[in-house]
1. Identify all residues within region B:35-72 that are crowded, with 24+ Cβ neighbours inside 10 Å, part of a helix (DSSP H, G or I) and within 10 Å of chain A (Cβ to nearest Cβ); write none if there are none.
2. Pick from region A:248-276 the residues that are out of contact with any Phe, Trp or Tyr (no Cβ under 9 Å at 6 or more places or on another chain) and in a helix (DSSP H, G or I): which of them is farthest from the other protein chains (Cβ to nearest Cβ)?
3. Which condition number in (1) buried (at least 20 other Cβ atoms within 10 Å of the Cβ); (2) more than 22 Å from B:PHE90 (Cα to Cα); (3) not hydrophobic (A, V, I, L, M, F, W, C) is the one that A:ARG305 fails?
4. Look at region B:152-167 and say how many of its residues are in contact with a Ser or Thr (Cβ under 9 Å, 6 or more places away or on another chain), under 19 Å from B:PHE33 (Cα atoms) and either more than 14 Å from chain A (Cβ to nearest Cβ) or surrounded by fewer than 19 Cβ atoms within 10 Å (Cβ to Cβ) (or both).
5. Picking from A:ASP296, A:ASP279, which residue would you name as being among the charged types (D, E, K, R), touching a residue at least 40 places away in the same chain (Cβ under 8 Å) and either buried (at least 24 other Cβ atoms within 10 Å of the Cβ) or more than 25 Å from A:GLY219 (Cα to Cα) (or both)?
6. Residues that are within 14 Å of another protein chain (Cβ to nearest Cβ) and buried (at least 24 other Cβ atoms within 10 Å of the Cβ): does region A:361-379 have at least one?
7. Which is within 7 Å of chain A (Cβ to nearest Cβ), out of contact with any Cys (no Cβ under 7 Å at 6 or more places or on another chain) and assigned to a helix (DSSP H, G or I), of B:LEU131, B:LEU113?
8. B:MET1 versus (1) in contact with a strand residue (DSSP E or B) (Cβ under 9 Å, 6 or more places away or on another chain); (2) crowded, with 24+ Cβ neighbours inside 10 Å: which is the lone unmet condition?
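The values are calculated or read from the model by the stated rules, or taken from the named source; none is laboratory data. Given the structure is predicted, the values throughout are model-derived calculations rather than measurements. Quick reminder, even Gly has a Cβ in these numbers, built from the backbone with ideal geometry, and neighbours come from all protein chains shown.
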Amino acid sequence: MSVKVTGLGIVSSIGLGVQEHEDALRHGQHGLKLPMFLNSIHKVPVGEVPYDLSDLKEMLGLRKNKTVTRTALLGMIAAREAVRDSKLDVEEQRIGIISGTSVGGMDLTSVFYKDYMVNSLCGRISNVVGHDCFDSTYRIAQDSRLSGYSTTISTACSSAANAIMTGCRMIEAGILDCVVVGGTDALSLFTLNGFKSLMILDDELCRPFDKSRKGLNLGEGAAYLMLERDTLRAGHEGYGYVKGWANSNDAFHQTASSDNGEGAFRAMSKALTRAGMIDIRPDYINAHGTGTPNNDSSEVKAMERLWGDSIPMFSSTKSYTGHTLGAAGAIEAVISFLSLKNSLIWPSLRFNQSDNDVRSAPESILKAQKGLKNVMSNSFGFGGNCTSLIFSIDK
Amino acid sequence: MRCLITTYQVWSEELDVKSLIPDSNIRRRLSPFVKRGVATGLQAANSAERVGVFVDSIVTATGLGCLEDSEKFLKNYLVSEEQLLNPTPFIQSTHNTIGGQIALGKKLHGYNLTFSHRNDSFINALMDALLLLSENESNAVLLGAVDEVTATSGHLLHRLGWDKVFGEPKDVCAFFVLTSVDSPDENRSDSLDISNDGLVMQPSHTRVLLEFNCNDISTPTDCLTITADKSSFLSIADSLISAILLLEQGEESVKVIDNKFSILLKWHS
């Protein structure tokens, strides 16, 4: 049995919806700049979705005074698009939703806590009810009328990739016929200050794989994919298939990646085996590529261990969107399917020069690649969590 | 869906945290909640090793994650106005911190996932562990349930009136080692070291069979039934522990039920 992808939905700093993403990617338009809404003392570029809470509610047709976290709103927008795009009558299906998020409703928790810490009787309680990871998934499921199996995965920056993997496994096992998978995460002072305290935020635009890279730019957004058993609607044209998936652990350090990229190496190898591609190189790798010195060198080391001097073309589209944490795996999955659809390799923006640590160079200009068939997408997170997915045009 | 429970462990002050987490730097940095979870998970995995079962995958469930670390970091940046922050509580605030630290402690490179979905967190994690076993992706899964009640979360649940509806919120810290029903038994030793907290199923050559049924809410008349309460998001894990203890006290089978599913536990020979 194969897992077919029949719907895509996405929102990030580079656009609202799949079409705007395709346009931005083609034209090299990134979404990284000083934030309009996130009110931090740190003046660093971020990939902020250019709509405030009331804009997002209006888009969704929600009441202005309804308390909903930014994480849930972004998720609802992307999931609606994926469901609509799939043309599935979701109420007639054995359907589920599996969503990833790292900090859930931390955007409103932070607002709540500012008042609460002064006086524990203060703070609008409705701002903290959506704190847990469940909240956004539940609201998305309600909003898109997904009444079956529902769960949330929270493994930091690989959350959405793991949600995609889990959806594939549940379809394979025959537990579900179709499932909406992806992730959502909003910018918050919590994560911005977290990465700042780790000293891996670049105060300029991030430069994944470049010699001068200093760190990541944080982003936000959401993306969902409709996965279905390929025999559910045999004649229905989809975007392609999820052919391989694997999760491995680096077991090296809570936040840093091992020098030889052990976890990444294992995840990529296992995903290739799962896809039946032991001797076939993917045509393109949408790398995790955060732009931190440690991640990028570790990830390339892992690729070099797999393919020696002839590693596949790769790039990091975090140079467009910033690192969207728990949503990144899904945002990059949609971007990978856009790559397959258009036979285009998206460039790593702002790459100039390789360094000794990162010998291999990413693609730095838009490249048409005839016959593009297989794309690998990597997502790594805190806790050594490494996930690799393989998307393919063919079954 | 079925599996065997080889060992289980709940947090106890008697666990030898120092020998379970020998690196003093790591031990010092971990918050009490994370430390309890890591030590409990490692103890369950170590007990399984003594009967020849080696954990290769980890699936954890948490309703609210590492609240203490999250709150500490939240407070720090609000109070300090985003200046000179210690990254440690941020690093440990992710929901998969405990699963990751156990992998680190045992150098486990296998599958490692964390489910966080309010009252379904543990059932979703259990289903995932069962799926892993059925896919032959794992020989033994360490399944954990970890949630803490902090002063703040207790107070907020009270403000929301949840404690009145669901009862006083409770900490949960329980781990289980699950293997496939057809997993080979040859390596199991005859004389088990059960002096250590009595973690290994007794008697030595029987293990507990777990049978998970979706949409089965019928209450059987032929065996004891435990209805999971809602005092914690992970109450079902606690109910499983209670069920195992009842088996150890001589019950033949015990059923844990919820409004959506049932889990039948009985001795497997």
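1. Answer for region B:35-72, where residues must be crowded, with 24+ Cβ neighbours inside 10 Å, part of a helix (DSSP H, G or I) and within 10 Å of chain A (Cβ to nearest Cβ): just B:SER70.
2. A:LEU272
3. (1)
4. 1
5. Working: A:ASP279 fails: touching a residue at least 40 places away in the same chain (Cβ under 8 Å).
Matching residue, one of A:ASP296, A:ASP279: A:ASP296.
6. Filtering region A:361-379 for residues within 14 Å of another protein chain (Cβ to nearest Cβ) gives A:379.
From the residues that got through so far, the ones that are buried (at least 24 other Cβ atoms within 10 Å of the Cβ) too are A:379.
Scanning region A:361-379 turns up at least one residue that is within 14 Å of another protein chain (Cβ to nearest Cβ) and buried (at least 24 other Cβ atoms within 10 Å of the Cβ).
7. On the way: B:LEU113 fails: assigned to a helix (DSSP H, G or I).
None of the others qualify; the one that does is B:LEU131.
8. Of the numbered conditions (1) in contact with a strand residue (DSSP E or B) (Cβ under 9 Å, 6 or more places away or on another chain); (2) crowded, with 24+ Cβ neighbours inside 10 Å, the odd one out for B:MET1 is (2).
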